[in-house]
Amino acid sequence: MSEGDSVGDSVHGKPSVVYRFFTRLGQIYQSWLDKSTPYTAVRWVVTLGLSFIYMIRVYLLQGWYIVTYALGIYHLNLFIAFLSPKVDPSLMEDSDDGPSLPTKQNEEFRPFIRRLPEFKFWHAATKGILVAMVCTFFEAFNVPVFWPILVMYFIMLFCITMKRQIKHMIKYRYIPFTHGKRRYKGKEDVGKTFAS
């Protein structure tokens, strides 16, 4: 391997200016992502705001319906991955190699682990909206289509996909949503205290 063959290296063996710039930019971006992690509600409000701005832009421009349809399909795919368990119980039925979701009352409780965690779901959904927004600035992506057909097809696809997902959830008895840690109530102390 000769000098400068490594990725981002200049002829003298030091990282190039461009490589250092993009590395630093990536570090700043990751830092902001790390800082935003605990603020779930704020992150989703910002994403819904971006989505609303995108919808207004598409409505005012009267175009880019294919881009919007592709964004909807992408978000549906992310949502299904968010609702699905990391290990599909239907694949685990045939083999006894690994853990499975409990199906009886006396089986061990195993928490629901998503295939796509909430943070990655939010991050991918937000990036999808931003990419779609950028696409609306280029006329090449404005393919003329009859948009009501796309809307009807998306609604049918959504209903069929969600029906299949709900049947899967009922069959394997898992609920992808929890409301925090389960709290147990102890007995209330109604007796007298003893002084020693």
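The values are calculated or read from the model by the stated rules, or taken from the named source; none is laboratory data. Predicted model only: the values in this text are computed from it and were never measured. FYI the Cβ positions are ideal-geometry reconstructions off the backbone, even for glycines, and counts take in every protein chain you see. To get the accessible areas, we keep the full protein, side chains included, count just its heavy atoms, and leave off ligands, DNA and RNA. Shrake-Rupley method; radii C 1.70, N 1.55, O 1.52, S 1.80 Å.
A few remarks follow.
- When peptides 137-146, 58-67 are ranked by their average number of other Cβ atoms within 10 Å per residue, the highest-first order is 58-67, 137-146.
- In this view, the solvent-accessible surface of Met162, computed with a 1.4 Å probe and all protein chains in place, comes to about 30 Å².
- Under-5 Å amide H pairs with Arg114, H placed in peptide plane, nonlocal only: Lys86
- Full-extension gain in nm, Thr37 to Ser90, via 0.36 nm per residue minus C-alpha separation: 15.9 nm
- Among the listed pairs Lys120/Lys171; Lys86/Lys127; Lys127/Lys163, those beyond 25 Å (Cα-Cα): Lys120/Lys171; Lys127/Lys163
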